[in-house]
Amino acid sequence: EGVWRLSKLAVSVHNDPGKDFLEVHDGLLQEIAKVLKFPVASMLPPEAFSIVRKSFDARKMLKEPKFVYTVDMDVSKLLTLEPRTWDFISRLEPKLGLVDHMPCERVCCDLFSMIRKHKRNNDCTSSGGQEEKISSSSGYLYKLSTIRKPKIAVVGAGPSGLFASLVLAEFGADVTLIERGQAVEQRGRDIGALVVRRILESESNFCFGEGGAGAWSDGKLVTRIGRNSDSVLAIMNTLVHFGAPKKILVDGKPHLGTDRLIPLLRNFRQHLQTLGVTIMFGKRVDDLLIQDGCVVGVRASDSRDKLKLGCHTLEFDAVILAVGHSARDIYQMLLAHNMDLIPKDFAVGLRVEHPQDLINSIQYSGLANEVRSGRGKVPVADYKVAQYGIDEHENSTCKLVTSNRSCYSFCMCPGGQVVLTSTNPSELCINGMSFSRRSSRWANAALVVTVSTKDFDALNFHGPLAGVEFQREFEQRAAMMGGGNFVVPVQTVSDFMESKLSVTSLPPSSYRLGVKAASLHQLFPSYMTDALRHSISMFDRELPGFISKEALLHGVETRTSSPIQIPRRSDTYESISLRGLYPTGEGAGYAGGIVSAAVDGMHTGFVVAKQFDLFHGDI
Ligand code: FAD
């Protein structure tokens, strides 16, 4: 009885209809039959099986690339089988690792039903204002009487801010979402002006605006926080609710692409507005209003008003800070309020770009022509490479030591393009994006080396914002090397390995604002260049052809994750320095990537709803 999960069902490429086909097909039924030791595959009713995950596995140790499935088998739907067959099925024994009985009911991973189940029927209104001060576990909560909704500000409309707003608004809070950048329609025009006319709008760009840093991105939805966790599934289901294709629920490496993210964000916004959320675009929070150690509101100004002339104050019961890690002015402001900020390790490096055809042939050999610009049977090839505990030369003793430093590929965008993610014209940093079909001629990925406070100290950057200064240093050096006007300094991988300027003609780059040959091997301290070189030579062993004159390194990739953490209480998510402030998402150091930021925002929404007594139940 019940549901059985069958995993590691490998179907060869010629027996599979291809990456976009997510129904049960004959090739898959044959593999299911093999695992079940069931003699006649064609007798298995397809309706008894549902695909949970479909991935493409092209690892070198396999004889040939395969599609790998996880499938749920609903035993009750096998009842249509003739009695002898049914008898066979009913005697099945679980084979660990391949067949697993799913003992409990499938958990509800739908955010909206979760909220409906736990919503307290308070019947709040936004008028009135009686408050009753109560003591709580944290000792300083104000319980608002049922005649007034709690007024919550969410600062930042990236994944974390959007999900925090959604949860709180669904629970009936009076939410104001404040975003310094523009709505996606205007943001698209601002990004167009940047790419075509080199006009960088410092408040509306690849980092700032509706959808946050993840909007004009590859939209990869892979996460290291547990693909099958209820929280991640709740996020994925919500994305589907707002227009993402259902295949993200099944795809082993789900991604959306910028073209799908934009309409999704518009639907998300419309839903928030229907719930009564006040959304302010082009409004930047410059300061917090603090009374008796508690945040009681924000000071905000029109983000295009550089002189902050039109600054005004807005009062709130709580402020969720979901500003991402490019809002360096916010870190400064928090420091000015004597808040605790902890410097954090992160990673810095270069973005490498290869022709996509080269990566396809390295990864797929004979199958490479099945890719056909993203429309083919197999997905456009990607890669993930890493080197840990890299040997380092220690100056004082002249001996090799193994350090904790790592070098790894990050945010790989097959069929994508390199884009400018600077928010200030004197700094140059880049990242990667793609469209849903991933059909460009290039494959790019960051190659980054871990850095820590001892590296910041070595450059004389001290204190909580040392990591930010470290980032800025290399962004400014890269801008100088490029010669200004957002031109990116580049070097072929072969020349980087030999410390040579790429003087002969450069291979083409997807980066639209121009590239210039530069000595990238001189950009970073030698320990970083050495770590990159050593790792690249190891990556070339794994992916022969990775070192190539056709591969171009672009400088510089600095904003891989937050350089600081804003400490918060583990139970209430409230800042340990300021009551009423809830640091959330990547900028606060609690997430890295679209999905984990969304999960953190969702959890913040729940804990804040609980503190304002809008929600009963466990989180
Ligand atoms: P953010 O998305 O950074 O959002 C913060 C928001 O706060 C911004 O919109 C900003 O304008 C706003 N803000 C900042 N300061 C203020 C202020 N003072 N007042 C008002 N508003 C403010 N991750 C993936 O998982 N997959 C990918 O494929 C991927 N590709 C990427 C490609 C690019 C080009 C970039 C830049 C990032 C990419 N990332 C990707 C990383 C991902 O975008 C982030 O991890 C994620 O967006 C973090 O979410 P967040 O909500 O914490 O912060």
Exercise for the section: If a/c stays under 1.5 just call it rounded; otherwise compare a/b with b/c (prolate if a/b is bigger, oblate if not). Do that for the chain, with a ≥ b ≥ c from the square roots of the Cα gyration tensor eigenvalues. Expected result: oblate
Handout entry: Average Cα contact separation per residue, the chain, under 8 Å, 6 or more apart, as relative contact order %
Key = 16 percent
Completion exercise
Final fewest-first order of Y388, Y511 on the 10 Å Cβ neighbour count is Y388, Y511
Practice task
May I ask you to evaluate 6.51 cos²θ - 1.76 cosθ + 1.60, the Karplus curve with θ = phi - 60°, for each residue of the stretch 247-262 and list the ³J(HN,Hα) values in order in whole Hz, giving x for glycine and proline?
Solution key: 5, 5, 6, 10, 4, x, 10, x, 8, 10, x, 4, 4, 8, 5, 5
Completion exercise
Calculated from DSSP helices alone, with each H run of at least 4 adding -39500 (n - 2.57) and the total divided by the residues of the chain, [θ]222 nm to the nearest 500 comes to -8000 deg cm²/dmol
Fill in the blank from the handout: Taking placed amide H atoms and a strict 5 Å upper bound, the residues 5 or more places from R53 or on another chain that come that close are T70
Exercise for the section: Find how many whole Å separate the alpha carbon centroid of the stretch 1-25 from the alpha carbon centroid of the stretch 558-599. Expected result: 38 Å
Handout entry: Distant-in-sequence amide H partners of C413 (H built 1.01 Å from N, under 5 Å)
Key = N444, A445
Completion exercise
Residue separation between C294 and D20 times 0.36 nm, minus their alpha-carbon distance, gives in nm 93.5 nm
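Would you kindly state how much longer the chain becomes between Q273 and H534 on full extension, computed as 0.36 nm times their sequence separation minus their alpha carbon distance, in nm to one decimal? Mind showing how you got there, number by number?
Working: separation 261, 0.36 × 261 = 93.96 nm, distance 5.19 nm.
Going from the current span to full extension adds 88.8 nm.
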Practice task
For V196 paired with S452, estimate the spin-label separation in nm (one decimal), with each label point 7 Å from Cα along the Cα-to-Cβ line.
Solution key: 4.8 nm
Exercise for the section: Quick one: which residues, 5+ away or cross-chain, put their amide H under 5 Å from the amide H of H255? H built at 1.01 Å from N. Expected result: L221
Exercise for the section: Provide the gained length on full extension for the span S406 to R541, in nm with one decimal, where the gain is 0.36 nm per separating residue minus the Cα-Cα distance. Expected result: 46.9 nm
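Take every DSSP beta bridge with both residues inside the chain and express the antiparallel ones as a percent of the total, to the nearest 5.
Numbers: 74 of 95 bridges.
Around 80 percent antiparallel, to the nearest 5.
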Practice task
Fewest Cβ neighbours within 10 Å first, please rank M73, M280 accordingly.
Solution key: M280, M73
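Taking square-rooted eigenvalues a ≥ b ≥ c of the alpha carbon gyration tensor, is the stretch 572-614 rounded, prolate or oblate, where a/c under 1.5 means rounded and, failing that, a/b exceeding b/c means prolate? Could the numbers behind the result be given before it?
Numbers: a/c = 3.85, a/b = 1.37, b/c = 2.81.
Oblate is the answer for the stretch 572-614, as a/c is 1.5 or above yet b/c matches or exceeds a/b.
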Handout entry: Ordering of 486-495, 349-358 by burial proxy (mean other Cβ atoms within 10 Å per residue, highest first)
Key = 349-358, 486-495
Problem - J(HN,Hα) series, the stretch 585-595, from Karplus relation 6.51 cos²θ - 1.76 cosθ + 1.60, nearest Hz, glycine and proline x - result: x, 5, x, 8, x, 10, 7, x, x, 4, 5
Fill in the blank from the handout: Residues V319, V515 in order from fewest to most other beta-carbon atoms within 10 Å are V515, V319
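With a Förster radius of 25 Å, plug the Cβ-Cβ distance of V52 and A386 into 1/(1 + (r/R0)^6) and report the FRET value to the nearest 0.05. Write down the numbers at each step before the final one.
Details: r = 27 Å, r/R0 = 1.09.
After rounding, the FRET efficiency stands at 0.35.
Each reported figure results from applying straightforward, stated rules to the coordinates on display, with no laboratory input. Please read all numbers here as calculations on a predicted model, not as lab measurements. Cβ: placed from backbone, ideal geometry, glycine included. Neighbour counts: every protein chain shown.
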